[in-house]
Amino acid sequence: MTADAMTAGGDIRLERLTALPDREAAQAALEEIFFASTTRTEFASEADRAAFLATWTGWYVADAPRDIWMAVTADGLVVGYLTGCKDSAGTPELARRIPKYEVFADRFAAYPAHFHVNVRPGWREHGLGRRLVDRFAEDCRADGLPGVHLVTAVFARNVEFYQRAGFIDACQRGPLLFLGRNLKA
């Protein structure tokens, strides 16, 4: 099946990383999609590349694998993922790893959960990212969390996507944009 055969991601199932039978293969797919999606393409060494991946995905895989959602085709191809954290203020390890993590710490009480989402090239524009985001938001709502947020660049092309997905509480600080989605409504 190709992305062109998809209609709004209907033939894709969303599974927790922890529920997949071959977690190692799923993590390899996450890595592949991550590097296909990041704007950084050059690394001084394999160690530098591995450190970059660890900065942005390592904590989630090690400490919150149940909050990683994978979009999987019927034949088992992972075509997207979402890494999530339901307690942004309570994870000092992320503040040590992720650059500028603390810039919006004053917003974490209203929007304690955050996430990163990526979809495999060729599978974008079919609603998969939105399905992953909405699934994580449903999880957060079920856990009684008041909101979820993400941080992106002010002029990033994904801003409109997130605004359409209900992330309308915006706060800009320098080149960074905080977008929050209220889950209590």
Of the residues Phe104, Phe52, Phe155, which exhibits the maximal mean-square fluctuation in a Gaussian network model of the chain defined by a 10 Å Cα contact cut-off?
-> Phe155
How would Ile168, Ile12 line up by accessible area, probe 1.4 Å, largest first?
-> Ile168, Ile12
Spin-label pair Glu160/Lys184, simplified geometry with 7 Å Cα→Cβ offset, distance in nm = 3.2
Solvent-accessible area per residue for the chain at a 1.4 Å probe radius, Å²?
-> 51
Mean separation of Cα contacts under 8 Å (6+ apart) over length of segment 117-185, as relative contact order % = 31
How much accessible area does Trp56 have with a 1.4 Å probe, in Å² rounded to the nearest 10?
-> 70
Cα centroid of segment 41-55 to Cα centroid of segment 89-153, whole Å | 23
Which percent, nearest 5, of DSSP beta bridges in the chain are antiparallel?
-> 95
Considering only Ala110, Ala25, Ala47, give the residue with the highest GNM mean-square fluctuation for the chain, with springs between Cα atoms whenever their separation is below 10 Å.
-> Ala47
Find the relative contact order for segment 53-185 and round it to a whole percent, using C-alpha pairs within less than 8 Å whose residues are 6+ positions apart.
-> 21
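Using only the Cα atoms of the chain, what semi-axes does the equivalent ellipsoid have when each is the square root of 5 times a gyration tensor eigenvalue? Give whole Å, largest first.
24, 20, 17
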Give me the compactness ratio for segment 1-106, meaning the Cα radius of gyration over 2.2 N^0.38 Å.
-> 1.18
Mean residue ellipticity (222 nm) of the chain, computed from DSSP H runs ≥ 4 via -39,500 (n - 2.57), nearest 500 | -8500 deg cm²/dmol
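The values are calculated or read from the model by the stated rules, or taken from the named source; none is laboratory data. In this text, all values refer to a predicted model and were calculated from it rather than measured experimentally. Virtual Cβ from ideal backbone geometry, glycine too; neighbours counted across all protein chains shown. Side chains are part of the model used for accessible areas, which takes the heavy atoms of the whole protein and leaves out ligands, DNA and RNA. Shrake-Rupley method; radii C 1.70, N 1.55, O 1.52, S 1.80 Å.
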